[in-house]
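Q: Here it is, the structure in full.
Where a number appears in this text, it was derived from the coordinates with a stated rule and is not lab data. Note that the structure is a prediction, hence the values are computed from the model and not measured. Positions of Cβ are generated from backbone atoms using ideal geometry, with glycine treated the same way; all protein chains shown enter the neighbour counts.
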Amino acid sequence: MKFLKLFLVLFVIQMQAQQGGMWIPSLLKGMNETEMKNLGMKMSVKDIYDVNQSSIEDAVPHFNGGCTAEVISPKGLILTNHHCGFSQIQSHSTVDHDYLTDGFWAYKMEDELPNEGLTVTFMVKIEDVTTSILEGTASLSSEAEKQKKIQENITALSNLLPKENWQENKIRTFYEGNQYMLFVTETFTDVRLVGAPPTAIGKFGSDTDNWVWPRHTGDFSLFRIYADKNNRPAAYSKDNVPYTPKHFLPISLDGVAEDDFTLVFGYPGKTNEYLPAVAIEQIITELNPAKIEVRDKALKIADNFMRKDNAIKIQYASKYASTANYWKKWIGETQGLKKSNAVTVKRESEKTFQQKITKAGKEKEYGTVLADFDKNYTEIAPYALARDYFTEVVLRNTELLSTGYKLYQLEQVYKAKGEQSFTDRKNNLIPGLANFYKNFNSTVDEKVFEQLIELYATKSPKQFLPQSLVNVNAGNLASEIYTKSKLQNYAGLIELLSGDAGTVLTNLNNDPGFLLVKEIADKYAKEVAPKYDEINVKITALQRTYMKALLELNTDSRIFPDANSTLRITYLEGVMEKYIPGDYEFDVPEKLVNLYNTKDYGPYSENGKMPVCFIGTNHTTGGNSGSPAIDDSGNLVGLNFDRVWEGTMSDLYYDPSICRNIMVDIRYVLFIIDKYAGAKNLITELKLVHPKKTNSLKKKNLK
Ligand code: ARG
Ligand code: ASP
């Protein structure tokens, strides 16, 4: 079991070299210490995680729920990605102070900028609570009852288990419901922006270079955590003081070389490493191509408008980047899965697995798991495809429809809960929609609608099409909706939403845009969702049994791949090679060009060159952005921010020959802070070390 990678992870470690894998820090001792040492780690696992004493874990918080950060000074200074701090940087930017374009640096603490709503969460304690969570479930026969009981246990224990009053208990499942862990957390809300490079450094290469290696992006930003006088979380206040961390990471100036041990520590989102072959096949042949085609069309339309019209370019910039991010990811993931023959490889290992079941005499328990997977995945196929089309076309990419869907839900709230809930929900919706319409252009959306409805009508499973879309002329429908629907602008929306519930619902049910959404959504809610959910519950239960069997029967030892050529570094030279003056993706700030020309790299260069990014074999995923890459002794050497294109298949299947994570070299970060921004005030807070030089000196002295 110690060789299995983890499913669903909240806070894990990813090591350089070998077959990928993510591990929970509190379990490292039993699972991985020897292996980590063999790989070259010089620390002990107690240096990584220790409940009683400070350890690396105390320096690695969850950043705003979606990213990771690391504490790098005794005064609560934290480092994360530029793309993780992007919306904060953007929210402080105006035409006069355009921090996105020019960068932002606080040269004094008073200049640091507060950020409403931003959170930074530390893990204080991690504990296995599986037995308590599963209590009382063994006797229950139906899956639904079991899940209900588990949920009750989670709620009860989260309230019961001891914690300080400023802390929180969070319980998460691992190994598909075979293990439950308690995380005791502390969340800070006074987190201020300290520094960010210009977008031309922090997002250099933009979407063209996204998910791509070689990469030359200085994807970092700096924040500071503030606490009350007792060093505890507190709402923003002028009287708050810089947080004193239990631990902060020293920064190595010595870089990494081929075959060096590194580990990445952070908060990965969700991976699906244990899907059966049949599920992967479905993703490759049906689901990814469908989603890619929808986004492909939506992106091309937006891009055409953005190139012609600067106002649209600004309105759509952030939406475009987020749509493009996973569009591009799915393309790479599909290619990677094909290239590595993931389906064949999985089928082979499933054969072996089946034999092991027989050998172990476990046929009664596990004998039909794989066959049941096949049956259920075949059965779910049309529902899964219909679901993806619905999500991508209606909920995600045609904005008039996704807005209409929010109003559809509002009507459902009225039906289920009555006037008061309706009014509360309506009032909650309005501010968000006001913001939404600022970045909405109905001419763009009409084109998107036309093409995506065409796709929906021709490619999503016919049996679930609502009447209006059967043999629809998408062009005609588009011009009808986009002349008559009031959903095209904020004023129209407010008109629709004015008055009591009765009036609003009458208005809505006279609007052709709303009516279309309602027809599509009703059909989906009646004919797709229930069946999808029903089969999916079975698949989830199977997945849990499968995982249990794997844990029980898999005793194979892990085969170490050749670590050859697993590490590559890019240099500032590469930035200059990509430099296209004036280009929105590849421009380079003049000051950086000057520093390059004079080779003014301070103490941060390596053999006269400025390292920018490097890749490793750490197994990472979405959410690992901003995670520290740590050397064999616990020093910071890099900042994780992406993966190589085809390697994004690691979410489904980790192939050590293809999967690589991409990190910014910490020396580039220091060089930008020091030489580019001149923020010496920040450099003096840090603990800069020379572990390699120190080691070789020690060796010499011993001789
Ligand atoms: N691909 C990285 C991640 O998934 C970075 C995304 C940054 N956004 C962009 N469109 N370049 O988060
Ligand atoms: N860019 C991703 C993130 O934001 C990391 C990845 O998917 O490799 O978390």
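Q: Quick one: Karplus J couplings for segment 109-114, per residue in order, coefficients 6.51, -1.76, 1.60, θ = phi - 60°, nearest Hz, x for Gly and Pro?
A: 4, 4, 8, 5, 9, x
Q: Something else about it: In percent, how large is the relative contact order of segment 420-547, given Cα pairs closer than 8 Å and 6 or more residues apart? List each step's numbers first, then the result.
A: Working: 68 pairs, mean separation 31.1, N = 128.
Across segment 420-547, relative contact order equals 24 percent.
Q: Hey, another quick one. Strictly under 4.7 angstrom between C-beta atoms: which cysteines of the chain have no such partner?
A: CYS613, CYS659
Q: Could I ask something else about it? Taking only C-alpha pairs under 8 Å that are 6+ residues apart, what is the relative contact order of the chain in percent?
A: Values: 1270 pairs, mean separation 164.9, N = 703.
Reported relative contact order: 23 percent.
Q: So, one more: What net charge do the residues around GLU411 carry, taking every other residue with its C-beta under 11 Å from that of GLU411, with Lys and Arg at +1 and Asp and Glu at -1?
A: So the surrounding residues net to +4.
Q: Output wanted: per-residue J couplings in Hz (rounded whole) for segment 634-649, from phi through Karplus 6.51 cos²θ - 1.76 cosθ + 1.60, θ = phi - 60°, x for Gly and Pro.
A: x, 9, 6, 10, x, 10, 5, 8, 6, 10, 6, 3, 5, x, 5, 5
Q: So what's the back-of-envelope 222 nm ellipticity for the chain, counting only DSSP H runs of four-plus at -39500 (n - 2.57) apiece and dividing by all residues, rounded to 500? Intermediate values should be presented prior to the final figure.
A: Values: 27 runs with 319 residues, N = 703.
Roughly -14000 deg cm²/dmol at 222 nm, from the helical runs in the chain.
Q: Find out how many positive minus negative residues lie around GLU392, taking Lys and Arg as positive, Asp and Glu as negative, among other residues whose Cβ is under 12 Å from that of GLU392.
A: Values: positive: LYS291, ARG295, LYS297, ARG387, ARG396, LYS459; negative: GLU293, ASP296, ASP388.
Computed value for this residue: +3.
Q: Same structure again: For the peptides 43-50, 592-599, what is the packing order when you average, over each peptide's residues, the other Cβ atoms within 10 Å and list the highest mean first? Write out the running numbers ahead of the final one.
A: Working: 43-50: 18.6, 592-599: 14.2.
In decreasing order of mean packing, 43-50, 592-599 become 43-50, 592-599.
Q: According to the square roots a ≥ b ≥ c of the eigenvalues of the Cα gyration tensor, what is the shape class of segment 436-527, taking rounded for a/c under 1.5, prolate for a/b larger than b/c otherwise, and oblate for the remainder?
A: Numbers: a/c = 2.32, a/b = 1.36, b/c = 1.71.
Oblate, because a/c is 1.5 or more while a/b does not exceed b/c.
Q: In addition: Segment 134-226: which chymotrypsin sites (Phe, Trp or Tyr not before Pro) are DSSP loop and have at most 16 other beta-carbon atoms within 10 angstrom?
A: TRP166
Q: Tell me, what is the FRET efficiency for THR130 and ASN428 to the nearest 0.05, using R0 = 30 angstrom and their Cβ-Cβ distance as r? Write out the running numbers ahead of the final one.
A: On the way: r = 37 Å, r/R0 = 1.24.
Here the calculated transfer efficiency is 0.20.
Q: Beyond 23 Å between alpha-carbons counts as too far, so tell me which of LYS319/LYS526; LYS364/LYS538; LYS406/LYS447; LYS146/LYS291 fall in that bin.
A: Details: LYS319/LYS526 31 Å; LYS364/LYS538 18 Å; LYS406/LYS447 21 Å; LYS146/LYS291 33 Å.
Exceeds cut-off: LYS319/LYS526; LYS146/LYS291.
Q: I'd like the FRET efficiency for LEU160 and ASN231, computed as 1/(1 + (r/R0)^6) with the beta carbon distance as r and R0 of 22 Å, rounded to 0.05. Don't skip to the end; give the middle numbers.
A: On the way: r = 27 Å, r/R0 = 1.21.
The calculated FRET efficiency here is 0.25.
Q: If amide hydrogens are placed 1.01 Å from N in the peptide plane, which non-local residues have theirs closer than 5 Å to the one on LEU688?
A: ILE251
Q: Nearest 0.05, what FRET efficiency do GLU606 and THR694 give at R0 = 25 Å with Cβ-Cβ as r?
A: Numbers: r = 17 Å, r/R0 = 0.67.
Efficiency for this residue pair is about 0.90.
Q: Amide H neighbours of ALA227 under 5 Å, at least 5 residues apart or on other chains, H built in the peptide plane: list them.
A: Counting only residues 5 or more places away or on other chains, the set is VAL241, TYR243.
Q: Is segment 89-180 best put as rounded, prolate or oblate by its Cα gyration tensor, with a ≥ b ≥ c the root eigenvalues, rounded for a/c under 1.5, and otherwise prolate when a/b is larger than b/c, oblate when not? Display every interim value, and only then the final one.
A: Numbers: a/c = 4.18, a/b = 2.79, b/c = 1.50.
Prolate shape, in that a/c is at least 1.5 and a/b is the bigger ratio.
Q: Can you check what the net charge comes to around ALA59, using other residues whose Cβ is under 12 Å from the Cβ of ALA59 (Lys, Arg +1; Asp, Glu -1)? Could you put the intermediate results ahead of the total?
A: Details: positive: LYS246, LYS687; negative: ASP47, GLU57, ASP58, GLU70.
With Lys, Arg at +1 and Asp, Glu at -1, the neighbours total -2.
Q: Given LYS300/LYS462; LYS246/LYS599; LYS125/LYS328; LYS37/LYS351; LYS229/LYS438, which pairs have Cα atoms separated by over 29 Å?
A: Values: LYS300/LYS462 26 Å; LYS246/LYS599 38 Å; LYS125/LYS328 37 Å; LYS37/LYS351 33 Å; LYS229/LYS438 41 Å.
From the list (LYS300/LYS462; LYS246/LYS599; LYS125/LYS328; LYS37/LYS351; LYS229/LYS438), the Cα-Cα distance tops 29 Å for LYS246/LYS599; LYS125/LYS328; LYS37/LYS351; LYS229/LYS438.
Q: When a/c reaches 1.5 or more, the comparison of a/b and b/c decides; with that in mind, is segment 173-228 rounded, prolate or oblate per its Cα gyration tensor?
A: Values: a/c = 5.20, a/b = 1.34, b/c = 3.88.
Oblate.
Q: Going through the cross-link list LYS339/LYS578; LYS170/LYS459; LYS42/LYS687; LYS149/LYS338, which pairs have a Cα-Cα distance over 31 Å in this structure? Don't skip to the answer; put the middle values down first.
A: Values: LYS339/LYS578 28 Å; LYS170/LYS459 41 Å; LYS42/LYS687 19 Å; LYS149/LYS338 41 Å.
In this structure, LYS170/LYS459; LYS149/LYS338 lie more than 31 Å apart at Cα.
Q: Please report, in debye to the nearest 20, how large the charge dipole of the chain is about its Cα centre when each Lys and Arg carries +1 at its beta carbon and each Asp and Glu carries -1 there. If you can, show how the numbers build up before the last one.
A: Details: 82 positive and 88 negative charges, 220 e Å.
The calculation lands at about 1060 debye.
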